[in-house]
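Worksheet for the structure shown next.
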Amino acid sequence: MRLLIINPNTTASMTEKVGHAATLVASVGTEIVARNPSTGPASIQGVEDGEAALPGLFAEIDKATADPRGFDAIIIACFDDTGLYAARQRTKVPVIGIGEAAYHYAMLVAERFSVVTTLSVSIPVIQENIMRYGLSARCGKVRASNVPVLELERPGSVARETISDEIATALLHDNSDAIVLGCAGMADLAADLSARHHVPVIDGVAAAVKLAEGLVTMRLGTSQSGPFRRTLTA
């Protein structure tokens, strides 16, 4: 099985982190390829960044489609699920957003979950996605830790502690019993934060990899007559 993970921003260190996190959970025999576009925003924080990232994201998907080796599934490694529905119209293989994947995993282990993301500008996008997916009743709250995305890449950053403090607040006030990390750049924090807070802390990158493997194994991404299509637009 060959999975392509596209980080829609141009920060190579984040792409490397995401690829490593995906490799740690991938099954034996699953090849992980992680890429990012060469042009676009350095991070995706809010609607404008998401829109600016679309040309680079779609170019990477088109490049993957033309790859003679091919890919069995594509993962969009942006928690906003940037361009997800439009991406599904561009390829015959399953395309999975790490946000949607994380929510579904959270609901399997908890009655309610809270999301801890980066900046408050990301909250409306995430809330809209949760509503679109029909999951609002299971979400306690979407919270901003006020940690910029690129701060997660800075050596010596206090981002981990800041995010941990916001998780503690969520568990105290939201009546949630699981936490979803709302940024691909947090992929390396989940295990430590789960142990620290004694609740499931879900990383969307890992969730998307396992979901992709399952869809491919069950042959649910395509049909004999062509790809399954959603009628929703991006």
Seminar exercise, completed: Sequence order, region 96-103: Karplus ³J(HN,Hα) from phi using 6.51 cos²θ - 1.76 cosθ + 1.60, θ = phi - 60°, Hz rounded, Gly and Pro as x, gives 10, x, 5, x, 4, 4, 5, 4
Exercise. Once amide H atoms are placed 1.01 Å from N in the peptide plane, what residues at a sequence separation of 5 or more from VAL142, or on another chain, have their amide H within under 5 Å of its amide H?
Worked result: VAL115
Problem set entry | Rounded to 5, the percent of DSSP beta bridges in the chain classed as antiparallel | 10 percent
Exercise. Highest GNM mean-square fluctuation, the chain, Cα pairs closer than 10 Å: which of THR217, THR117, THR23?
Worked result: THR217
For this session: Only helical DSSP H runs with n ≥ 4 go in: add -39500 (n - 2.57) per run for the chain, normalise by residue count and round the 222 nm mean residue ellipticity to 500 deg cm²/dmol.
Result: -13000 deg cm²/dmol
Seminar exercise, completed: Footprinting proxy, MET107, MET186, MET131, MET14: sorted fewest to most Cβ within 10 Å, the residues are MET131, MET107, MET14, MET186
For this session: Quick one: which residues, 5+ away or cross-chain, put their amide H under 5 Å from the amide H of GLY97? H built at 1.01 Å from N.
Result: ILE76
Seminar exercise, completed: Everything considered on the Cα gyration tensor (a ≥ b ≥ c; rounded for a/c under 1.5, else prolate if a/b is larger than b/c, else oblate), region 88-138 must be described as oblate
Seminar exercise, completed: For THR10, other-chain or 5+-apart residues with amide H closer than 5 Å (H placed, Pro excluded) are ALA42, SER43
Seminar exercise, completed: In order over region 153-164: 3J(HN,Hα) from phi, Karplus 6.51/-1.76/1.60, θ = phi - 60°, whole Hz, x for each Gly or Pro, gives 9, 8, x, x, 5, 8, 4, 4, 5, 5, 5, 4
For this session: Considering only LEU24, LEU171, LEU189, give the residue with the highest GNM mean-square fluctuation for the chain, with springs between Cα atoms whenever their separation is below 10 Å.
Result: LEU24
Seminar exercise, completed: Expected vector for region 15-30, Karplus 3J(HN,Hα) from phi with 6.51, -1.76, 1.60 and θ = phi - 60°, integer Hz, x for Gly and Pro, equals 4, 4, 4, 5, x, 5, 4, 5, 5, 4, 9, 5, 6, 4, x, 8
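None of the figures in this text is laboratory data; all of them are computed from the coordinates on show. This is a predicted model, so every value here is computed, not measured. All Cβ positions, even for glycine, are placed from backbone atoms using ideal geometry, and neighbour counts span all protein chains on display.
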